[in-house]
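Read the structure below first, then the notes.
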Amino acid sequence: MRESTVGKPYEEILEEAYERFEAAEDFTVSIEEEFALLDPETLDLVNRFEEVQAAARGTALEPNLVGELIASEVEVKTGKQASFAEVPAALAERRAQLAALVDPLGLALGATGTHPWASWRDQRIIDTPHYRRNDELLGYVVWRNNTFGVHTHVAIRGADRAVRVASAVRNWLPELLAVSASSPFHEGVDTTLHSARTQVFTRFFPRCGVPDALPSWAAYADYVRFLYATGSVDEPTQLWWSVRPHLSFPTVEIRICDAQPDVAEAQSLVALMVSLTARCARAIDEGEPLPDHPHRLVEENTWRAIRYGLSGELIDLERGDVLPARARVERLLEWVQPVAEEIGAAPWLRLPERNAAERQIARHAEGASFEEIYAEQVGLTVPAG
């Protein structure tokens, strides 16, 4: 479970975080994937996390399995990987371990950004200090957050450098979201969105979505001090930005992406996120100019990614041109390619013919029910063999 830092002096939190960043080893990676716990017959969400946690005790999965807000959800982590080359196998292994754990319990796993028909009213908040605190602070906001994502942590050496990398990565959050969109259906509704998850999460939670660009660790630390001094937060994880320098790990964490039903697409998406983070770090090291687009313009593209995903258009904020989202992502793939080759991610970089949202929307247009469509996505979640 996540350990609460409520009551810990914020200056101590900032000092320890700074020291960790200064001593970090570049480009180690850890991935977190969130999964729905399902009745295998009905594919309804079921509140059984505590049983899954108990079953994991004493297994290889125990240190890499945590709760994530609701009792019908479970998160697994790859753990720290020395390089990206180890990540794809670790992702597949964790999914297989989790499937082997839940199958004897009579459970299945789902990995789309939202469950297509489950109601938030039927989900229970897990009983941990961290999530009890979020429940107290946020109430309805946290109750409604029945969403599933994939988070990527990339270690960055140097506190100033980490803040600058996060500020650079924010410019491409819409492209990452467009690739990952997997949640067109929510609470029994065809939302017409490609990522209902992002609309639910980033429009409900405070201190969420696209952050402002910050020039230095000092600027970031000053903001954190302001939040603590004004009683706005009482632990550092309450900055829920879509990309953030993490205050518990020396990483830049990207949090914008929907969960991925297909493990191969999860591997490819993670390769892009890690490559982008490393590419931004290399650009900073070499003095290459990086964009610094205003929050309002990145948000404009974020909305386009929420609404239309890879099927729509994104704005080239340098030129003001409007391009197909796929063309924008293809340009991004070209830009990160040299560093992707350096870190071993290049073989995994690929743009799917249709992402998970597009597949589901197409099937619905053909007349398939939510149940049929979700069953197809659930069938992709665990690698065969």
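Please treat every number below as a calculation from the coordinates, not as lab data. None of the values given here were measured: they were computed from a predicted structure. Here Cβ is always computed from backbone atoms with ideal geometry, including for glycine, and neighbour counts include all displayed protein chains.
In this Cβ point-charge picture (+1 for Lys and Arg, -1 for Asp and Glu), the stretch 10-380 has a dipole of about 480 debye about its Cα centre.
Extension gain, Tyr140-Glu86: 0.36 nm per intervening residue step, less the Cα-Cα distance, totals 15.5 nm.
Taking amide hydrogens as placed 1.01 Å from N in the peptide plane, the amide H of Glu313 sits under 5 Å from those of Ala325, each at least 5 positions away in sequence or on another chain.
Using the Cα gyration tensor of the stretch 10-380, with a ≥ b ≥ c the square roots of its eigenvalues, what is the shape: rounded (a/c below 1.5), prolate (a/b larger than b/c) or oblate (neither)? All intermediate terms of the calculation are to be shown ahead of the outcome.
On the way: a/c = 1.43, a/b = 1.19, b/c = 1.20.
Verdict is rounded for the stretch 10-380.
Couplings for the stretch 371-378, taken from phi via the Karplus curve 6.51 cos²θ - 1.76 cosθ + 1.60 with θ = phi - 60°, read 5, 5, 5, 5, 4, 5, 5, 4 Hz in order; Gly and Pro are left as x. As a calculated quantity, the FRET efficiency between Glu299 and Asp39 at R0 = 56 Å, using C-beta atoms, amounts to about 0.90.
Here the simple spin-label model places points 7 Å from the Cα toward Cβ, and for Glu330 and Arg132 these points are separated by 5.5 nm. Taking every DSSP beta bridge that has both ends in the chain, the antiparallel portion is near 90%.
With the simple model of a label 7 Å out from the Cα in the direction of the Cβ, Arg354 to Leu323 spans 2.5 nm. List residues of the stretch 355-385, by number, whose backbone nitrogen lies under 13 Å from a label position 7 Å along Cα→C-beta of Asp122. 371, by backbone N distance to the label point. Dividing the summed -39500 (n - 2.57) terms of all DSSP H runs of n ≥ 4 by the residue count of the chain sets its mean residue ellipticity at 222 nm at -14000 deg cm²/dmol. Highest GNM mean-square fluctuation, the chain, Cα pairs closer than 10 Å: which of Asp122, Asp258, Asp39? It is Asp122. Charged side chains reduced to their Cβ positions (Lys and Arg at +1, Asp and Glu at -1) give the stretch 206-316 a dipole of some 200 debye around its Cα centre. Extension gain for Leu290 to Asp26 (0.36 nm times residue separation, less C-alpha to C-alpha distance): 93.1 nm. Fewest neighbouring Cβ atoms within 10 Å first, the residues Ser216, Ser242 line up as Ser216, Ser242.
Taking 0.36 nm per residue of separation and subtracting the Cα-Cα distance, what length does fully extending Glu93 through Asn47 add? Mind dumping the intermediate values first?
Numbers: separation 46, 0.36 × 46 = 16.56 nm, distance 2.43 nm.
Full extension of this stretch gives 14.1 nm more.
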